[in-house]
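Dropping the structure in here first, questions after.
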Amino acid sequence: MPRALITGITGQDGSYLAELLLDKGYEVWGVVRRASTESYERIEHLRDRLHFAQADLLDQPSLTAALQQAEPDEVYNLAAQSFVPTSWTQPVLTAEFTAVGVTRLLEAIRQVNPAIRFYQASSSEMFGRVLETPQSEDTPFYPRSPYGVAKVYGHYITVNYRESYDLFACSGILFNHESPRRGLEFVTRKVTNGVARIKMGLDDHLTLGNLDARRDWGFAGDYVDAMWRMLQQDEPEDYVVATGETHTVERLVQLAFDHAGLDRDAHVRTDPSLIRPAEVDLLVGDPAKAKEKLGWEPSVDFEGLVRMMVDADLERLSGAGGATRG
Ligand code: NAP
Ligand code: F7E
């Protein structure tokens with residue numbers, strides 16, 4: 001039975017990846033950090049099939065101990081401070097988790113078992129103020145937030161450990177991917193949850209920032225499959241994972257309100273305080289390499305994703321006793 005260790009198993013991607021690997025017959029270990037209250041909501045349904053190791057990306061000995069305990073064949077590093085606005089208010093902490101944390105984990109792998117295959121969760125935020133459209137594995141980086149800068153470090157330290165120590169280390173440059181398990185502060189989920197709350201009469205309006213930004217949004221369940229495929233190749237390489245389509249935040253808003261049968265103009269406000277100090281205006285990925293070498297294809301389109309998320313939020317809130325309005 002192959003064994004995998006996932007950092008960030010309590011997050012959106014960690015929960016989908018754990019499901020995928022369990023289905024493939026893996027023994028799945030998750031790194032969890034100590035907290036006074038547990039946050040296992042996204043993996044509650046899997047909990048009795050998972051193994052846990054307590055560790056933190058800030059603490060090198062705990063990472064070494066987690067690897068010694070789990071003895072994994074594959075490590076997926078999904079843990080990070082992943083919310084871009086927080087990276088301006090907590091830039092040093094973001095660098096510790098999202099940048100140097102990658103080195104700590106790679107060092108632990110080198111020490112415990114250099115044959116471990118390693119996946120690093122890199123991000124389209126590294127392209128930032130894009131120097132080429134669409135963005136591919138060859139597009140130069142120009143990050144626009146402390147988060148993006150930290151991810152560039154994580155990307156290059158992964159490449160460097162592959163080249164320096166011959167580790168099987170891959171960096172997946174994933175564009176935005178979403179799901180009903182997305183954190184409530186990210187724009188897709190903020191919109192779909194907001195729409196559902198308005199529909200249920202729990203709120204009257206939704207306040208957003210920049211509606212002109214464009215993103216290449218896909219479904220998280222599809223994207224974790226690409227991570228796994230990267231680690232099954234003969235050679236470790238880096239891959240862009242994206243849909244190849246881009247849409248504005250405004251389009252997301254319109255689709256979500258339409259799907260719930262609500263008038264967008266009656267409920268949407270904007271607040272300049274939600275505009276970022278530096279914005280990423282346009283992202284659209286070129287997934288040709290992932291399609292060709294990994295045989296990867298997205299299965300959910302943008303409209304399908306928005307409908308899935310609105311429906312899930314409506315269902316969740318109906319279960320909580322809300323009452324719909326038209
Ligand atoms: P997420 O939902 O925010 O989950 C982040 C995970 O990291 C949580 O499990 C969190 O644990 C854990 N974590 C944070 N700091 C940690 C630390 N110091 N030590 C150990 N664990 C820590 O993120 P996601 O959307 O699943 O994304 C997964 C990864 O892909 C992240 O690295 C993100 O930056 C990257 N990424 C995401 C996207 C996207 O669109 N979703 C795109 C490209 C790249 P707690 O539950 O304890 O907080
Ligand atoms: O913002 C605009 C905002 O926070 C998307 C992370 O997973 O993907 C994610 O980063 C866009 C931005 O995601 C609001 O200005 C407008 O242009 O959902 P987001 P993100 O910053 O693209 C990348 C690939 C990652 O790696 C990250 O970890 O939406 N926007 N109004 C808003 N955004 C938010 N959050 N809230 C608003 O009210």
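The values are calculated or read from the model by the stated rules, or taken from the named source; none is laboratory data. Note that the structure is a prediction, hence the values are computed from the model and not measured. Quick reminder, even Gly has a Cβ in these numbers, built from the backbone with ideal geometry, and neighbours come from all protein chains shown.
Got at least one residue in segment 137-145 being surrounded by 22 or more Cβ atoms within 10 Å (Cβ to Cβ) and under 25 Å from Gln69 (Cβ atoms)?
Among the residues of segment 137-145, not one is surrounded by 22 or more Cβ atoms within 10 Å (Cβ to Cβ) and under 25 Å from Gln69 (Cβ atoms), which makes the answer no.
Which members of segment 62-79 meet the condition of being near ligand 1 (Cβ under 9 Å from one of its atoms) and at positive phi?
Scanning segment 62-79 gives no hits.
Which residues, taken from segment 77-94, are near ligand 2 (Cβ under 10 Å from one of its atoms) and either acidic (Asp, Glu) or not in a helix (DSSP H, G or I) (or both)?
Ala80, Gln81, Ser82, Phe83, Val84, Pro85
Consider Phe83 carefully, then state whether it is of a type outside the set (Val, Ile, Thr), near ligand 1 (Cβ under 9 Å from one of its atoms) and surrounded by fewer than 24 Cβ atoms within 10 Å (Cβ to Cβ).
On the way: of a type outside the set (Val, Ile, Thr): yes; near ligand 1 (Cβ under 9 Å from one of its atoms): yes; surrounded by fewer than 24 Cβ atoms within 10 Å (Cβ to Cβ): yes.
Considered against the rule, which asks whether it is of a type outside the set (Val, Ile, Thr), near ligand 1 (Cβ under 9 Å from one of its atoms) and surrounded by fewer than 24 Cβ atoms within 10 Å (Cβ to Cβ), Phe83 comes out as yes.
Give segment 37-76 a look and list any residue that's of a type in the set (Phe, Trp, Tyr) and either more than 17 Å from Ile116 (Cβ to Cβ) or not in a strand (DSSP E or B) (or both), or say none. Talk me through it step by step, then tell me what you get.
Pass one, segment 37-76, residues of a type in the set (Phe, Trp, Tyr): 40, 52, 76.
If the condition is that a residue be of a type in the set (Phe, Trp, Tyr) and either more than 17 Å from Ile116 (Cβ to Cβ) or not in a strand (DSSP E or B) (or both), then Tyr40, Phe52 are the ones that fit.
Anything in segment 180-194 that is assigned to a loop (DSSP other than H, G, I, E, B) and over 25 Å from Ser136 (Cβ atoms)? List them, or say none. So that I can check it myself, show each step before the final result.
Our first condition is that a residue be assigned to a loop (DSSP other than H, G, I, E, B); within segment 180-194, this holds for 180-186.
Of everything in segment 180-194, those that are assigned to a loop (DSSP other than H, G, I, E, B) and over 25 Å from Ser136 (Cβ atoms) turn out to be Pro180, Arg181, Arg182, Gly183, Leu184, Glu185.
Something else now. Could you check, for segment 295-305, whether at least one of its residues is touching a helix residue (DSSP H, G or I) at 6+ places or on another chain (Cβ under 9 Å), part of a helix (DSSP H, G or I) and surrounded by fewer than 16 Cβ atoms within 10 Å (Cβ to Cβ)?
Of segment 295-305, the ones touching a helix residue (DSSP H, G or I) at 6+ places or on another chain (Cβ under 9 Å) are 295-300, 302-303, 305.
Next cut, part of a helix (DSSP H, G or I) only: 302-303, 305.
Next cut, surrounded by fewer than 16 Cβ atoms within 10 Å (Cβ to Cβ) only: 303.
Checked segment 295-305: at least one residue is touching a helix residue (DSSP H, G or I) at 6+ places or on another chain (Cβ under 9 Å), part of a helix (DSSP H, G or I) and surrounded by fewer than 16 Cβ atoms within 10 Å (Cβ to Cβ).
Now for a separate question. Residues to consider are Ala266, Ala278; find the one that is assigned to a helix (DSSP H, G or I) and out of contact with any helix residue (DSSP H, G or I) (no Cβ under 6 Å at 6 or more places or on another chain). I'd like the intermediate steps shown before the answer.
Working: Ala278 fails: assigned to a helix (DSSP H, G or I).
Answer to the selection: Ala266.
Considering only residues that are among the hydrophobic types (A, V, I, L, M, F, W, C), over 17 Å from Ser122 (Cα atoms) and touching a strand residue (DSSP E or B) at 6+ places or on another chain (Cβ under 7 Å), look in segment 1-26 and name the one that is surrounded by the fewest Cβ atoms within 10 Å (Cβ to Cβ). Let's see the steps before the verdict.
So the first thing to find is which residues in segment 1-26 are among the hydrophobic types (A, V, I, L, M, F, W, C), and the list is 1, 4-6, 9, 17-18, 20-22.
Subset that is over 17 Å from Ser122 (Cα atoms): 1, 4-5, 18, 20-22.
Now restrict to residues that are touching a strand residue (DSSP E or B) at 6+ places or on another chain (Cβ under 7 Å): 1, 4-5, 18, 21-22.
Working: Met1: 6, Ala4: 26, Leu5: 28, Ala18: 26, Leu21: 23, Leu22: 15.
Only one residue tops the list, namely Met1.
Right, next: Taking Asn210, is it more than 16 Å from ligand 1 (Cβ to nearest atom) and either in contact (Cβ under 8 Å) with a residue 12 or more places away in the chain or within 21 Å of Val130 (Cα to Cα) (or both)?
Details: more than 16 Å from ligand 1 (Cβ to nearest atom): yes; either in contact (Cβ under 8 Å) with a residue 12 or more places away in the chain or within 21 Å of Val130 (Cα to Cα) (or both): yes.
Taking the combined requirement at face value, the residue satisfies it.
Collect the residues in segment 102-133 that are within 16 Å of ligand 1 (Cβ to nearest atom) and either closer than 15 Å to Val284 by Cα or part of a loop (DSSP other than H, G, I, E, B) (or both), keeping them in residue-number order. First the steps, then the outcome.
Quick first cut of segment 102-133, residues within 16 Å of ligand 1 (Cβ to nearest atom) only: 102-109, 118-128, 130.
Across segment 102-133, the qualifying residues are Ser123, Ser124, Glu125, Met126, Phe127, Gly128, Val130.
Restricting attention to segment 18-36, and to residues there that are part of a helix (DSSP H, G or I) and touching a Leu at 6+ places or on another chain (Cβ under 7 Å), which single residue is farthest from ligand 2 (Cβ to nearest atom)?
At the first step, the residues of segment 18-36 found to be part of a helix (DSSP H, G or I) are 18-23.
Still in the running and touching a Leu at 6+ places or on another chain (Cβ under 7 Å): 18-19, 22.
Numbers: Ala18: 18, Glu19: 19, Leu22: 24 Å.
Among residues in segment 18-36 that are part of a helix (DSSP H, G or I) and touching a Leu at 6+ places or on another chain (Cβ under 7 Å), the one farthest from ligand 2 (Cβ to nearest atom) is Leu22.
Of the residues Ile198, Ile173, only one is at pLDDT 95 or above, more than 8 Å from ligand 2 (Cβ to nearest atom) and not assigned by TED's automatic domain parsing to the domain that holds Pro272; which? Break it down into steps so the answer makes sense when it comes.
On the way: Ile198 fails: not assigned by TED's automatic domain parsing to the domain that holds Pro272.
Within the list Ile198, Ile173, the selection yields Ile173.
Also, quick follow-up: For segment 232-278, give me each residue that is of a type in the set (Phe, Trp, Tyr) and either within 16 Å of ligand 1 (Cβ to nearest atom) or more than 23 Å from Ala220 (Cβ to Cβ) (or both).
Step one: list which residues in segment 232-278 are of a type in the set (Phe, Trp, Tyr), which gives 239, 257.
Correct list: Tyr239 only.
Checking Asp48 against (1) away from ligand 2 (no atom under 16 Å from the Cβ); (2) within 24 Å of Leu174 (Cβ to Cβ); (3) free of Cβ contacts under 8 Å to residues at least 40 places away in the same chain, which single condition isn't satisfied?
It fails just one condition, (2).
Being hydroxyl-bearing (Ser, Thr, Tyr), closer than 21 Å to Val102 by Cα and not in a loop (DSSP other than H, G, I, E, B): is that true of Ser171 here?
Yes.
Okay, moving on. With Glu125, Glu132 as the choices, which residue is buried (at least 22 other Cβ atoms within 10 Å of the Cβ) and within 24 Å of Thr246 (Cβ to Cβ)? Quick ask: steps written out before the conclusion?
Numbers: Glu132 fails: buried (at least 22 other Cβ atoms within 10 Å of the Cβ).
Step by step, each of Glu125, Glu132 is checked, and only Glu125 is buried (at least 22 other Cβ atoms within 10 Å of the Cβ) and within 24 Å of Thr246 (Cβ to Cβ).
For segment 218-233, indicate whether the set of residues that are buried (at least 21 other Cβ atoms within 10 Å of the Cβ), farther than 30 Å from Arg117 by Cβ and within 14 Å of ligand 2 (Cβ to nearest atom) is non-empty.
Looking through segment 218-233, none of the residues is buried (at least 21 other Cβ atoms within 10 Å of the Cβ), farther than 30 Å from Arg117 by Cβ and within 14 Å of ligand 2 (Cβ to nearest atom).
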